Amino acid sequence: MAVRGRHRRYQPNRINRASLTVTAGGAGMALPLIGTGVAHAADVDTWNKVAACESTNRWHVNTGNGFYGGLQFAQSTWEAYGGARYAARADLATKDQQIAVAEKVLDGQGPGAWPVCSVRAGLTRGGDTPDIQPAGTIKRAQKTSKTSVQDVQPQTTPQSRAGTAEMYTVVHGDTLSEIAESQEVKGGWRGLYAANRKAIGADPDLILPGQRLALRGKAAPDTKPRSAPESSPKAAPRTTPKSAPKKTSSERDEQATSSRSLVAPVSASTGTPYRKAGSSWSKGYHTGVDFAVPTGTSVRSVGTGQVVSAGWEGSFGYQVVIRHADGSYSQYAHLSAISVKDGQSVGAGQRIGRSGSTGNSTGPHLHFEVRTGPGFGSDIDPVAYLRAGGVRI
């Protein structure tokens, strides 16, 4: 049965927002403090489950939405519970250090600091003390390496001092799109990913601090191209150069979409349709279309454009709004993670975040709108818009 989430405008659901991020601590939460007479702890396996729910177990994630690390600490929470002794932000700390701070949050506020994910992970009061070494981890790192990951600075290093820069060292907060734009990489982020696919892996959104990326497409190929045997005079003539590399999956996807102007935001069937009437919506009808997808599904930009908004937006939860070349705006709401930032240029099919259930939502799904302006209330039929761009729904 398809998931059909509903939402209301300008009625933010604080509980659902907290399910994405740890906003406890500082002056931002009204959760009651738990008495210190009872032990509040959880084993590492339980914290792994919380992190899987909060950030899909990405302990060093920083999407630019103001919340950091595997357990999605707000900066004020991280500092209030002693995290600054380990690192400036949670995403810069080790897993053990993040768990150590989380133990203090659990002791101070209980599992309610993670209202949704604590239930899913079975996080309760009075659990087993985790087997962690937050202090020892950082000491060992200092002995084995003169420069920590946090100390790595953005840099492009020429192979020859007389030549031009060909390599780039990834630092915290980098994305392929930003690197490609700042270094003027031919082919944009797709070209950069294609040249470094072996080093990056299957997920172009997952690049790690300290990685070295080739900027001019000179990464070593996996295998040497095969040439036709010299003793085969009847071999069919080649229509492409012998050294032409095989296309990557990203290049094949780009070629497949080149014949049409738009792509679908997710690969899923639609749920609640556009203009469905009901009291659940402030305008008296559904202003977009819902796609029934589980939390963590990759959400793509339907076309080339520029991000005009990326962050929290009331009942829509975490959202991204993109302005396209034709003057239209697309909106992607209830996200669990955001991969882009305000002002960033994106391409058709580029991942901009992951689906979720933040804001006023009754279950995981993607709420997708198309508008004539960036704000609420200027909606048009999103399905008709996608079909006009060549998308089959």
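Please report the carbon-and-sulfur percent of the accessible area for the stretch 314-393; probe 1.4 Å, protein heavy atoms only, DNA, RNA and ligands left out.
Roughly 51 percent of what the probe reaches on the stretch 314-393 is carbon or sulfur.
Find how much the distance from residue 264 to residue 133 grows on full extension, using 0.36 nm per residue of separation minus their present alpha carbon separation; answer in nm with one decimal.
42.6 nm
How do the peptides 108-117, 329-338, 80-89, 276-285 rank, highest first, by the average count of neighbouring beta carbon atoms within 10 Å per residue?
329-338, 108-117, 80-89, 276-285
In bins 10 Å wide, starting from 0, what share of all Cα pairs of the stretch 339-393 does each bin hold, as a percent?
Values per bin, smallest distances first: 18, 41, 40, 1.
When the Karplus curve 6.51 cos²θ - 1.76 cosθ + 1.60 is applied with θ = phi - 60°, which whole-Hz ³J(HN,Hα) does each residue of the stretch 70-86 get, with x for Gly and Pro?
x, 9, 6, 6, 6, 4, 5, 5, 4, 6, 5, 9, x, x, 5, 5, 9
Please list, in chain and number order, the residues 5+ apart from residue 210 or on another chain whose amide H is under 5 Å from its amide H, with Hs placed from the backbone.
170, 171
Quote the FRET efficiency, to the nearest 0.05, computed for residue 56 versus residue 304 with a Förster distance R0 of 25 Å and r equal to the Cβ-Cβ distance.
0.40
Nearest 0.05, what FRET efficiency do residue 178 and residue 119 give at R0 = 35 Å with Cβ-Cβ as r?
Once the sixth-power term is evaluated, E becomes 0.45.
In Å, what Rg and Dmax follow from the Cα atoms of the stretch 299-343?
Using the Cα atoms of the stretch 299-343, the pair Rg, Dmax is 9.9, 28 Å.
Just the Cα atoms of the stretch 249-393, one point each, no solvent: what log10 I(q)/I(0) does Debye give at q = 0.10 Å⁻¹?
Taking Cα atoms of the stretch 249-393 as identical point scatterers yields -0.29.
I need the phi-derived Karplus couplings for the stretch 289-304: 6.51 cos²θ - 1.76 cosθ + 1.60, θ = phi - 60°, integer Hz, Gly and Pro marked x.
With the stated coefficients, the stretch 289-304 comes to 10, 9, 10, 7, 9, x, 4, x, 5, 5, 10, 10, 5, 6, x, 5 Hz.
Applying 1/(1 + (r/R0)^6) with R0 = 30 Å to the Cβ-Cβ distance of residue 280 and residue 45, what FRET efficiency is obtained, to the nearest 0.05?
That gives a FRET efficiency of 0.20.
The values are calculated or read from the model by the stated rules, or taken from the named source; none is laboratory data. Everything numeric in this text was worked out from a predicted model, so none of it was measured. A quick note on method: Cβ atoms are made from the backbone with ideal geometry, for glycine too, and the neighbour counts reach across all protein chains shown. Note: areas computed on protein heavy atoms with side chains; ligands, DNA, RNA excluded. Shrake-Rupley method; radii C 1.70, N 1.55, O 1.52, S 1.80 Å.
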